[in-house]
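So the structure is just underneath, and the comments pick up after that.
The values are calculated or read from the model by the stated rules, or taken from the named source; none is laboratory data. This is a predicted model, so every value here is computed, not measured. Cβ coordinates were reconstructed from backbone atoms using ideal geometry, including for glycine residues, and neighbour counts include every protein chain displayed.
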Amino acid sequence: MVGARSNRQPPTSNPREDSVPPVIACFEVEPWEEGVLRQQLAELELRATHAPLRPDTLDLAQGATLATVFIYSRLSADLLAQLPDLRCIATRSTGYDHIDLETCRRRGIVVSNVPTYGENTVAEHTFGLILSLSRKIHQAYVRTSRGDFSLQGLRGFDLKGRTLGVVGAGNIGLHVVRIGRGFGMEVLAHDAHPHHLLAEVLGFRYVPLEEVLRQADIVTLHVPYRPNTHHLIDRARLAQMKRGSLLINTARGGLVDTEALLWALDEGILAGAGLDVLEGEELIAEERQLLAHGVAAEQLQAAVRGHLLLRRENVVVTPHIAFNSEEALQRILDTTVHNVHAFLAGEPANVVP
């Protein structure tokens, strides 16, 4: 049962470990999460903070065997080198591009993730962004909050009969497909591993990426961020998109070339964008990091471009909250506790390849 405490004892390698409980350092945790972790990981010495793991919070992890982090903790090779006792990283996310996996493999550090927790959660937020743009809800809210009830410029469009393009038809993407079909939309999908039986059951078609971009009125991204998907949506691919279409990204900021996105908005290729993620979002979220040593010029440029997106009426930005429902957060925590217990029992679970 996920979250259940294992009766097996953690492996030991020296007498000290028999008498001193292993240390787990918990970063980016809210008070309620810390309470749950303390209760369900009572056999460990637990240290916790709301801040990400970074050079100025590194002391909390000194001597720790395990660490649990979220996406704003950037676990680089240099940072990991300062944590010689670390043996397990339990990230409370599906993605793991914030962790230097090569260094972890070389050091024998187990990295586990939360492979599934909120497929419907993220899909619902995706449609929240779509509806905000298609019916100009965000613009109407800002206007009426100022006492202006005019309808000028607030005409939207129906989703029924429109074409939705889903790039990445995995667990989340398939939920997006299902909701889109419920709105009466035609759905095209692109995925590296098509499942034709599901396409027949749900009523959508798999097509090449170029066809998704050419035909879709709304393109939504649900692929993992990896070196081969960096700037998957660049200037060339944006130029292929249907004029007046919308782009939605609830996956990872690095999938979209922000400079090219600004260009596509200026040219009218895109009528708008709904973004729950931005390139350099960790720097935008905590701007004092912009002055930190070791921040690459490319990262700084991405952060500045992200700020430019925030000023546009036809762009809706949310602060990486597509996952952030009560139910999804509880599932994330349950799976993280399970991953920690599995590691301590010598049988790591949900290990990142």
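Mind checking which residues of region 261-280 are acidic (D, E), at pLDDT 95 or above and under 24 Å from the mean Cα position of the chain (by Cα)?
Across region 261-280, the qualifying residue is only D276.
What are the residues in region 304-349 that are surrounded by fewer than 19 Cβ atoms within 10 Å (Cβ to Cβ) and touching a Pro at 6+ places or on another chain (Cβ under 9 Å), if any?
A345, G346 - these are the residues of region 304-349 that are surrounded by fewer than 19 Cβ atoms within 10 Å (Cβ to Cβ) and touching a Pro at 6+ places or on another chain (Cβ under 9 Å).
For T250, all conditions in the list (1) under 24 Å from I137 (Cα atoms); (2) β-branched (V, I, T); (3) touching a strand residue (DSSP E or B) at 6+ places or on another chain (Cβ under 7 Å) hold save one; what is the number of the exception?
So the condition that T250 fails would be (3).
Go through I179, I109, I218 for me and flag whichever is under 16 Å from V316 (Cβ atoms), of a type in the set (A, V, I, L, M, F, W, C) and modelled with pLDDT of 95 or more.
Answer to the selection: I218.
In region 183-204, how many residues are surrounded by fewer than 15 Cβ atoms within 10 Å (Cβ to Cβ) and either on the phi > 0 side of the Ramachandran plot or outside any helix (DSSP H, G or I) (or both)?
Residues in region 183-204 being surrounded by fewer than 15 Cβ atoms within 10 Å (Cβ to Cβ) and either on the phi > 0 side of the Ramachandran plot or outside any helix (DSSP H, G or I) (or both): 5 in total.
Look at A64 and say whether it is closer than 27 Å to Q330 by Cβ, among the aliphatic types (A, V, I, L, M) and surrounded by 15 or more Cβ atoms within 10 Å (Cβ to Cβ).
The answer is yes for A64.
Under 7 Å between Cβ atoms, which residue pairs at least 6 apart in sequence (or on different chains) link something in region 222-235 that is within 12 Å of D97 (Cβ to Cβ) with a partner that is acidic (D, E)?
Once the first residue is within 12 Å of D97 (Cβ to Cβ) and sits in region 222-235, its partners that are acidic (D, E) give Y225/D97.
For residues that are touching a helix residue (DSSP H, G or I) at 6+ places or on another chain (Cβ under 9 Å), surrounded by fewer than 23 Cβ atoms within 10 Å (Cβ to Cβ) and farther than 20 Å from E210 by Cα, tally how many sit in region 232-276.
So the count comes out to 3.
Could you tell me which numbered condition I71 fails, if it satisfies all but one of (1) aliphatic (A, V, I, L, M); (2) within 24 Å of F323 (Cα to Cα); (3) touching a Lys or Arg at 6+ places or on another chain (Cβ under 7 Å)?
I71 satisfies every listed condition except (3).
Among the residues of region 99-149, write down those that are hydroxyl-bearing (S, T, Y) and touching a residue at least 40 places away in the same chain (Cβ under 8 Å).
Within region 99-149, S112, T116, Y117, T121, T126, S132, S134 qualify.
Return the residues of region 88-122 that are more than 17 Å from the chain's Cα centre (by Cα), part of a loop (DSSP other than H, G, I, E, B) and surrounded by 19 or more Cβ atoms within 10 Å (Cβ to Cβ); say none if nothing qualifies.
Result: I109, single match.
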